[in-house]
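A.B. asks: One structure is given below, represented as structure tokens, and several questions about it will come after.
Just so you know, all these numbers are worked out from the coordinates, no wet-lab data involved. Treat the numbers as computed from the prediction; the structure is a model and nothing was measured.
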Amino acid sequence: MTEVIFSHPDFFIINKSAGITMHDAQHGIVRQVCEALGETDLHLVHRLDDGTSGCLILARNPQAAARFEVLFRTRQVQKYYLALVEKKPKKKQGT
């Protein structure tokens, strides 16, 4: 079960585990959360790579999804990343 960090009438914030795909119709995160929480129609607001874990927003209605889309598009959402590695990379990588 995916952990719900915050629940609001218009959206959920969940803790997505690494290794869970975003878009697979049968095994993707949206379907998993819908089944686990008894929701019928959640909207993916943004994405995290399959190998990335972290907070993910799922809107509970099209209006909330549209509002979040504007916030992300206009860069009003602050994102923070933390990478854990076993040893120092050989060369500078990533963005």
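A.B. asks: Divide, for segment 3-73, the radius of gyration over alpha carbons by 2.2 N^0.38 Å, where N is the residue count.
C.D. replies: This ratio for segment 3-73 stands at 1.01.
A.B. asks: Post the alpha-carbon centroid distance, segment 3-20 to segment 35-95, in whole angstrom.
C.D. replies: Measuring centre to centre over Cα atoms gives 10 Å.
A.B. asks: Using alpha carbons only, what's the Rg to Rh ratio of segment 55-95 with Rh from Kirkwood?
C.D. replies: That ratio is 1.20, to two decimals.
A.B. asks: To the nearest 10 degrees, how steep is helix 62-73 against the longest Cα principal axis of the chain, on a 0 to 90 scale?
C.D. replies: The angle comes out near 30 degrees.
A.B. asks: Taking only DSSP H segments of four or more residues, each worth -39500 (n - 2.57), what value at 222 nm results for the chain once the sum is divided by all its residues, to the nearest 500 deg cm²/dmol?
C.D. replies: Only helices count here, giving -6500 deg cm²/dmol.
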